[in-house]
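Written below as structure tokens is the structure these notes are about.
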Amino acid sequence: MIELAITRPATPQEAVWVQVRAGNLPRGTEIRVSTRKGILLGTVSPFGGPPGQEAITHTIPLPQSVIVNNRVQLRLTVDAPGKPARSPQPGEVESINLVYVPISF
């Protein structure tokens, strides 16, 4: 479980998303990003990155409901084929940050 604080409330023209920079993951392995209650928000995987690139950044939208008291609690789980789910090991998640994304109506 990880808890992130937002630096300021989003304006009506913004949404808060999470940016996860994943380290080198074996093919077929993914990092699942879920709410505290286990609702899946998105996944991070090495698929789609340029060959030889060691890390790739994924941006995942967050529902407004996960922001409570200017904080976001997320659960990160590593899923590898044929292995039980586990917490990320050092180097598998290089950084995780909240970002403000412009929205339009």
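Observations on the structure shown:
- Leading residue by the ranking (modelled with the highest pLDDT) among those in region 34-49 that are surrounded by 13 or more Cβ atoms within 10 Å (Cβ to Cβ) and in a loop (DSSP other than H, G, I, E, B): R36
For every residue, the table says whether it meets (1) in a strand (DSSP E or B); (2) surrounded by 14 or more Cβ atoms within 10 Å (Cβ to Cβ); (3) in contact with a helix residue (DSSP H, G or I) (Cβ under 6 Å, 6 or more places away or on another chain); (4) at pLDDT 95 or above.
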{"site": "Q53", "(1), (2), (3), (4)": "no, no, no, no"}
{"site": "L74", "(1), (2), (3), (4)": "yes, yes, no, yes"}
{"site": "G82", "(1), (2), (3), (4)": "no, no, no, no"}
{"site": "P90", "(1), (2), (3), (4)": "no, no, no, no"}
{"site": "E94", "(1), (2), (3), (4)": "yes, yes, no, no"}
{"site": "N97", "(1), (2), (3), (4)": "yes, no, no, yes"}
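- Search result, residues across region 1-33 that are basic (K, R) and either open to solvent by less than 90 Å² (accessible area, probe 1.4 Å) or in a strand (DSSP E or B) (or both): R21, R32
The values are calculated or read from the model by the stated rules, or taken from the named source; none is laboratory data. For clarity, every value in this text was computed on a predicted model and none was experimentally measured. In this analysis, Cβ positions are derived from the backbone assuming ideal geometry, glycine residues included, and neighbour counts consider all displayed protein chains. Ligands, DNA and RNA are stripped out before the accessible areas are found, and what is left, the full protein with its side chains, is counted by its heavy atoms. Shrake-Rupley method; radii C 1.70, N 1.55, O 1.52, S 1.80 Å.
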